[in-house]
1. With charges only on Cβ, +1 for K and R and -1 for D and E, what is the dipole size of the chain about its Cα centre, in debye, rounded to 20?
2. Magnitude of the Cβ-charge dipole of region 171-238, K/R +1 and D/E -1, about the Cα centre, nearest 20 debye?
3. List the chymotrypsin sites (Phe, Trp or Tyr not before Pro) within region 307-349 that fall in a DSSP loop (any state other than H, G, I, E or B) and whose Cβ has at most 16 other Cβ atoms within 10 Å.
4. Rounded to whole Hz and in sequence order, give me ³J(HN,Hα) for region 266-283 from the Karplus expression 6.51 cos²θ - 1.76 cosθ + 1.60, θ = phi - 60°, writing x for Gly and Pro.
5. When ligands, DNA and RNA are left out and all protein chains stay put, how many square angstrom of accessible area per residue does the chain have with a 1.4 Å probe?
6. Return P(r) of region 94-237 (all Cα-Cα pairs; 10 Å bins starting at 0; whole %; ordered from short to long distances).
7. Largest first and in whole Å, give the semi-axes of the chain's equivalent ellipsoid, each being the square root of 5 times a Cα gyration tensor eigenvalue.
8. What is the log10 of I(q)/I(0) for region 169-283, computed with the Debye formula using one identical point scatterer on each Cα and no solvent, at q = 0.22, 0.23, 0.24 Å⁻¹?
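The values are calculated or read from the model by the stated rules, or taken from the named source; none is laboratory data. Nothing here was measured: the structure is a model prediction, and the numbers come from that model. Cβ coordinates were reconstructed from backbone atoms using ideal geometry, including for glycine residues, and neighbour counts include every protein chain displayed. Protein only, heavy atoms only, side chains kept; ligands, DNA and RNA dropped before computing areas. Shrake-Rupley method; radii C 1.70, N 1.55, O 1.52, S 1.80 Å.
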Amino acid sequence: MIQANKYIHNLNLWTTKLGAILLLYLLTINSWACAQQKEWLHFKPQTSKAKAKKIVLVSGDEEYRSEESMPMLAKLLTTHHGFETVVLFAIDPNTKQINPEYQKNIPGLSNLKDADLMIIATRFRELPDDQMKHIDDYLKVGKPVIGLRTATHAFNFAKESKSPYKHYAYNEKSETWKGGFGGIVLGETWVNHHGDHGKEGSRALINGLEAEAKNPILLGVKDIWVPSDVYGIRNKLDGARILVFGQPTLGMNADSPLNWRKAIMPVAWTKDYQIPGGKKGRVFTTTMGSSIDLKSADLRRLIVNATYWALGQSEAIKEDLNVNPVGNFEANMFGFGTYEKGKYPKDYQ
């Protein structure tokens, strides 16, 4: 009898241990699954560095690898400058993986409700109404915007679309929304490749008048060359302050000679915006900004400086602000179909 009770006692102990191990295993699997399904990134600064400002970075373009550049910028802004950052991605709703070619889903735009700045680098998105509403609400209250590269043509809607936000499309023709988001908010929509795409890079030419005027966004910015070509500009950019012009280069290297046969074009500027029915806000736009462009330290500096400016903290801009990427930043060359498949947001953590 004693032996039987001892056997039952030991069996109960082993059952308890196995149950605990199984529970731990299930919790681990569940935690892993949740990490796999997390559809955006959220970086919080150390309390001692916190600037009490929240920045939402919106990626989603097929060509210029914003799914790489936006996490890099977010980690830089959080680690070195103390901002809270959230990075959003184009997510395939079936796999929960990043898929910049899926144009109709960017989860997490609700983070704009309490954001202080939106940095956007999307291209030809046709988002559902519940997601577009967050962007529309954000712009109506006049909060600041930074637009990078393809943000000039951030949205596109089919002709038959019934969306109440279809006027955000890059090719909108109405006078009140001409050029859509790019035309009304950033200052220009998609026009053309002024440089020879994939064959000519862009040499940045600092606007001497703005530099002499000590424009804080240009502090410490001296030398920018990027592989992305110069975009065409047709709008006069009335009321804008052009900070940087771009000259196409005859080649895809930093030492490639300038193509003097092509005129310079604005490639970075600031302006005010105001959408119909909304309040006035400030915006910084640069048509540079592909992932590989951001290997340029001075372009990163330009964007970091613009972040402080957009948030009304120009006094914090110094010539030697830290603009180094946090960890390894492996930027891929731009191109269609070249994104790294099978990636989840956590892979850019």
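1. 700 debye
2. Charge dipole of region 171-238: 20 debye, to the nearest 20.
3. PHE336
4. Those phi angles translate into x, 10, 7, 7, 10, 6, 8, 10, 7, 7, x, x, x, 8, 7, x, 10, 9 Hz.
5. About 47 Å² of surface per residue is accessible.
6. Pair shares across the bins are 10, 34, 34, 19, 3, 0.
7. The three semi-axes for the chain are 43, 23, 20 Å.
8. Values, matching the q order: -1.19, -1.23, -1.27.
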